[in-house]
Amino acid sequence: MFKEIKKLSDSKFAIMLILPTLILLLIIIFYPFINLITTSLLSYDNILVHSFSGLKNYNLVFSDQLFWQDLRRSLIYVFGSVMIFFISGFAVALSLHKINRFNAILTGISLLPWAIPPVTAATMWRWSLNSQYGIVNDILQRLCIISEPIRWITGGNITMITLIFVDAWIRIPFTALILLAGLKTIPQDIYESASIDGAGPIQKFTYITLPNLKYPISIVLILQTMFAFRTYDILAILTGGGPGRETELLVKYVLDSAFKDYQFGIASAVSIVMIVICIFSSLIYWKSLKIEV
């Protein structure tokens, strides 16, 4: 009985210790979210004057063709980036896991793109991809791969492909790091037993590697999808949404609504839509990887 009383008192003491942190965490997370929901239900005549309008902002957003165009481009952008950084990051992680010599040095080199701030990386790529004096066109022309410079960031459809590539390039190191950490937790005895049973590389990857990496994979996909969906710095530096509106994404729609048109209610409504899309995508990942929510 005394042991049970002691356990109860210890649990209460532990709760009291973490209670301030929990309260602070709830304030930091839930207050901005509740404020965002409240703002999405208000109409702003100017910066300071506002009135309750219910779901009017959502009706305005869903009836705006520019919103649907930016949403479509954003989904294409995120899907393309996810495909590139996940496949490439997985390949890098598998390669680093197999390499024994100079492993630490190669791992450090592979993390360099992640160490560069996105603004700096985007600026570097903007100079490198310039159609007049960029090093990328210069190398391709010297190798006789192209006959004339390609307008990577001002050439229509190829501009979106360039944006997707730059975004994925920045996200590959984080993906490789998380998956490499997951690979190192898989016991080698399992692979040895599978080899004895006659399993080949594809079977080992399908039935051993992938099932044991479902949690690292889910972390990578969920976090990186959310980060890609709200990326603005790469877009602003490389194209600014141009040429025309061909590379404008939903995040620019939010910023323009808030800080150019001063329609904070509409910007908040679109932000809520973006949150719902991120939650929905997370559920898809969990369902696909058979992770219990």
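Nothing in this text is a laboratory measurement; each read-out follows from the coordinates by a stated rule. As the structure is a computational prediction, the values presented were derived from the model and not from experiment. Neighbour counts are summed over all protein chains in view; Cβ atoms, including those assigned to glycine, are modelled from backbone coordinates with ideal geometry.
Starting with the fewest neighbours, write out THR21, THR231 ranked by other beta-carbon atoms found within 10 Å of each beta-carbon.
Lowest to highest Cβ neighbour count: THR21, THR231.
Quick one: length gained pulling TRP286 to ARG142 fully straight, 0.36 nm per residue minus the C-alpha distance?
Between TRP286 and ARG142, full extension yields 47.2 nm more.
Taking H placed 1.01 Å from N in the peptide plane, check which residues at least 5 places from LEU42 or on another chain put their amide H under 5 Å from its amide H.
SER53
Show the residues, 5+ positions off or on another chain, whose built amide H is closer than 5 Å to the amide H of TRP152.
SER131
Set the Förster radius R0 to 51 Å, insert the Cβ-Cβ distance between ASP197 and PHE259 as r into 1/(1 + (r/R0)^6), and round the FRET efficiency to 0.05.
Rounded to the nearest 0.05, the efficiency is 0.25.
Rank these for me by crowding, TRP127, TRP169, going from fewest to most other beta carbons within 10 Å.
Fewest to most other Cβ atoms nearby, the residues stand as TRP127, TRP169.
May I ask you to derive the relative contact order of the chain, considering only C-alpha pairs under 8 Å and at least 6 residues apart, and to give it as an integer percent?
Relative contact order here is 28 percent.
Could you give me the ³J(HN,Hα) list for segment 181-192, computed from phi with Karplus coefficients 6.51, -1.76, 1.60 and θ = phi - 60°, whole Hz, x at Gly and Pro?
4, x, 4, 6, 8, 7, x, 5, 4, 5, 5, 5
Past 28 Å, Cα to Cα: identify those pairs from LYS98/LYS287; LYS184/LYS252; LYS184/LYS290; LYS204/LYS290; LYS214/LYS252; LYS98/LYS214, in the order given. The partial results should precede the final answer.
Working: LYS98/LYS287 30 Å; LYS184/LYS252 40 Å; LYS184/LYS290 22 Å; LYS204/LYS290 19 Å; LYS214/LYS252 33 Å; LYS98/LYS214 20 Å.
Violating the 28 Å Cα-Cα cut-off are LYS98/LYS287; LYS184/LYS252; LYS214/LYS252.
What trypsin sites (Lys or Arg not before Pro) in segment 195-293 are in a loop by DSSP, with at most 13 other Cβ atoms within 10 Å of the Cβ?
Loop-located and lightly packed - ARG245, LYS260, LYS290.
May I ask for the distance between the Cα centers of segment 220-254 and segment 107-130, given as a whole number of Å?
The two parts, judged by their Cα centres, are 17 Å apart.
How about segment 82-165: which trypsin sites (Lys or Arg not before Pro) there are in a DSSP loop, with at most 12 other Cβ atoms within 10 Å of their Cβ?
ARG101
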